[in-house]
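Presented below is the structure to which this report refers.
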Amino acid sequence: MTDKIFSHLNPILFLQTFVAQSVEVSAKRGGGKGNERLKYIEQLGLTASGCFETAYRQEFAQDGPLDHGKYADMIVEIKNKIGGNFSRASSEPGVVRVVNTRCPFGEAVTQAPELCRMTSSVFGGIAARNFGYAKVILDKRIAAGDGICEARIYTDSEKAAALEGDEYHREQEIIRGRSASAKASIAIGKHDRVAWCGARTSNNLNHPPIVAKSPAMLEALETVNVVAPTTATVLITGETGVGKEVIARRIHALSERWNRNFVAVNCGAIPENLVETTLFGHERGAFTGAYEVHHGLFEQAEGGSLFLDEIDSLPLAAQVRLLRVLQDGEFERVGGKQRLSADVRVIAAASIRLDKFIAEGTFRADLYYRINVVPIVLPPLRERREDLPPLVNHILAQLSVKYDKPVKALSAEAIEQVMSYDWPGNVRELENVLERSFLFSPGPVLYVVQLPKTENENTASASTGQPFDQSLKEAKRRAAEHVEVLILREAFTRFSGNVSEVAKSLGLTPRAIHQKLNLHSMDPNAYRSKARLKVVQFRSR
């Protein structure tokens, strides 16, 4: 019985064979350059195409001529077997189109973009052998810095006549190639410089800035720094608006995947009947002979990170598919029959604890344990009020840049408002409130922050009960004192205990400042030996 050699194909064996053959052919041709080099790479591809097709047919017991569908299955299986990540894409009738997110030659292909001729001749050789003619057009190439490869294979010479590509003909039992122009075949330019200088450049600008002083947030950020360089799956929990996506983006930016796609999706915003096709894609053939493919988010995030916000919204059927991807690294498009690999890091997020949904039977326990490898809990703003002053300063600085206006500051009354409010919408609500106040404040100082009226405020204004009024006044007095102490501490730290500078910055007299120091039992000498307070901003390294 003939051995099934297709199952033994692998990327290492393929590259070893290719290198050995390249050395042998190059020696015979005297170390050819330019077009000679391209020709022997093409010849190697044509030779390999015959070996690959034979191996595939043996493995899958396939005899007889191929149609376009079977041809597409063959070239995708072959290229994936030797280290690619190809899949079929939407195409017009009579044309096969495939896309790839991982080159069999690895990142080294950018040093030798001519190797793309190998892919072209493998595709063209198999097509010409079965259809008599093929023209292969490489629309995008990883070797040229496009991030993905896209190839179209035409088997109708009339339809392809006006297009530029690599042609292949069957002459009796011999397959001959007719190469495209050198301009279309070789594109080196800046990419060869990257090969010498190193492909990985600084990713500092990709790090989203995070402002934090509170122990809880500093602990969360330390966890981010530890887990980001790993492949561990992360589950971020926290109320709406606390910055879960910002944390997810930082994990991606600090990982080895920083230069690949970060794809974010709110699972709760996807109609239930479209969840699976959105995540995993779908495919179907039309009666006209066209082939339609929708690439899901897992394919779009190939090599990068996929952020699944509100993961608790996923229906159970989608949870099963997701669990399989996390366990096996494989999935199938809806309506498809081919297993696709998924080199994707999943970062999940939920607004509330998932164990509640597990108890209700709406969230799978096995999926929960799979995504909850490293949990990160983000506390709400009301539990980390020490983060409010630096956050306010950071947001106001961003608004100044956004609207090209001078930086504005909050008055003491406005700071009191900010510190007294509970911020149910957390950082997102704080950003919106400050932006609204920034736009409608004509001067450099925001005296009033335009907060939404709370239910308690509405009730208080309608009530005339004396006990309630007194308790409300007392609460406001305590809040005002708390805010005043915070302002004084920050000012004395900033000016190293200089009473005159503090008074000038707050618009008060030195005598008034001394009165407040006595009222709050504060000693300015305690601040004179301290360096200026620095807000802990986790910026890019």
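Quick one: is residue 280 under 24 Å from residue 374 (Cα atoms) and under 20 Å from the mean Cα position of the chain (by Cα)?
No; evaluated as a whole, the condition is false for this residue.
Filter segment 413-453 for residues that are hydrophobic (A, V, I, L, M, F, W, C), surrounded by fewer than 16 Cβ atoms within 10 Å (Cβ to Cβ) and touching a helix residue (DSSP H, G or I) at 6+ places or on another chain (Cβ under 7 Å) and give the result.
Once the filter is applied, which keeps residues that are hydrophobic (A, V, I, L, M, F, W, C), surrounded by fewer than 16 Cβ atoms within 10 Å (Cβ to Cβ) and touching a helix residue (DSSP H, G or I) at 6+ places or on another chain (Cβ under 7 Å), segment 413-453 yields only 448.
Can you name every residue in segment 343-363 that is more than 20 Å from residue 266 (Cβ to Cβ) and touching a residue at least 40 places away in the same chain (Cβ under 8 Å)?
Within segment 343-363, 343 is the sole residue that qualifies.
If you check 446, 430, which single one turns out to be on the phi < 0 side of the Ramachandran plot, in the same structural domain as residue 394 (by TED's automatic domain parsing) and in contact with a strand residue (DSSP E or B) (Cβ under 6 Å, 6 or more places away or on another chain)?
From the options 446, 430, the qualifying one is 446.
In segment 298-347, what count of residues is obtained for those that are surrounded by fewer than 18 Cβ atoms within 10 Å (Cβ to Cβ), in a helix (DSSP H, G or I) and of a type in the set (Gly, Ala, Ser)?
Result for segment 298-347: 1.
Output the number of residues of segment 485-523 satisfying the condition of being in contact (Cβ under 8 Å) with a residue 12 or more places away in the chain and charged (D, E, K, R).
Residues meeting the conditions: 4.
Looking at segment 237-276 only, could you name the residues that are among the hydroxyl-bearing types (Ser, Thr, Tyr) and either crowded, with 21+ Cβ neighbours inside 10 Å or outside any strand (DSSP E or B) (or both)?
Correct list: 240, 255.
Tally up the residues in segment 89-107 that are surrounded by fewer than 22 Cβ atoms within 10 Å (Cβ to Cβ) and in contact with a strand residue (DSSP E or B) (Cβ under 9 Å, 6 or more places away or on another chain), please.
Qualifying residue count for the region: 10.
Is there a residue in segment 520-541 that is polar (S, T, N, Q), modelled with pLDDT of 80 or more and part of a helix (DSSP H, G or I)?
In the first step, residues of segment 520-541 are kept if they are polar (S, T, N, Q); the result is 521, 525, 529, 537, 540.
Filter again for modelled with pLDDT of 80 or more, leaving none.
No - not one qualifying residue is present in segment 520-541.
Looking at this structure, is residue 226 assigned by TED's automatic domain parsing to the domain that holds residue 211, surrounded by fewer than 18 Cβ atoms within 10 Å (Cβ to Cβ), touching a Pro at 6+ places or on another chain (Cβ under 8 Å) and aliphatic (A, V, I, L, M)? Let's see the steps before the verdict.
Working: assigned by TED's automatic domain parsing to the domain that holds residue 211: yes; surrounded by fewer than 18 Cβ atoms within 10 Å (Cβ to Cβ): yes; touching a Pro at 6+ places or on another chain (Cβ under 8 Å): no; aliphatic (A, V, I, L, M): yes.
Judged against the criteria, residue 226 is not a match.
Going by what's in this entry, would residue 437 be described as at pLDDT 75 or above, of a type in the set (Ser, Thr, Tyr), touching a Leu at 6+ places or on another chain (Cβ under 8 Å) and closer than 23 Å to residue 397 by Cα?
It is true that residue 437 is at pLDDT 75 or above, of a type in the set (Ser, Thr, Tyr), touching a Leu at 6+ places or on another chain (Cβ under 8 Å) and closer than 23 Å to residue 397 by Cα.
Checking residue 352 against (1) under 20 Å from the mean Cα position of the chain (by Cα); (2) assigned to a loop (DSSP other than H, G, I, E, B), which single condition isn't satisfied?
(1)
The values are calculated or read from the model by the stated rules, or taken from the named source; none is laboratory data. Quick caveat, the model's predicted, so the values are computed rather than measured. When we count neighbours, we look across all protein chains shown, and the Cβ atoms used for this are built from the backbone with ideal geometry, even at glycine.
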